[in-house]
Amino acid sequence: MPSMNNVSDIIEALGGCSSVAKAIGRGASAVSEMKRRGTIPVTYWPAITAEASRKGLPITNDKLVEVHTDKHVLTVVVAPIESTAETSGEAAE
């Protein structure tokens with residue numbers, strides 16, 4: 001089974017740009033651009049996972065999230081929430 005560590009690997013595992021283009025209803029040049037950018041728009045994920053399932057490949061939404069988040073590090077900032085009394089100037093009891 002081919003490695004699937006990035007968008008390029010996913011596209012190649014599915015049979016290349018022409019095969020993916022047919023599966024998502026776009027031209028091969030659109031898929032080639034996705035490959036170049038290293039991203040597949042979420043709009044196409046259902047068609048990608050369906051094609052993968054037909055071909056017996058383990059490409060799921062989770063796998064697509066994984067290959068996209070490896071490239072784009074997500075940062076979550078958690079800030080404390082002040083109580084209403086503190087922010088409105090009222091004395092806390």
I'd like the carbon and sulfur percentage of the solvent accessible area for the stretch 1-59, probe radius 1.4 Å, heavy atoms only, ligands and nucleic acids excluded.
51
Note, the stretch 50-66: 3J(HN,Hα) by Karplus (6.51, -1.76, 1.60, θ = phi - 60°), whole Hz, Gly/Pro = x, goes 5, 5, 4, 4, 4, 8, x, 9, x, 9, 10, 4, 4, 5, 5, 4, 4
How far, in nm, would the chain grow between Thr43 and Ser29 when pulled straight, counting 0.36 nm per residue and subtracting the alpha carbon separation?
3.3 nm
May I ask you to give the average projected area over all directions of the convex hull of the Cα atoms of the stretch 1-70, in nm² rounded to one decimal?
3.9
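The values are calculated or read from the model by the stated rules, or taken from the named source; none is laboratory data. All values derive from a computational prediction rather than experimental measurement. These area figures cover heavy atoms from the full protein model, side chains too; ligands, DNA and RNA do not enter into them. Shrake-Rupley method; radii C 1.70, N 1.55, O 1.52, S 1.80 Å.
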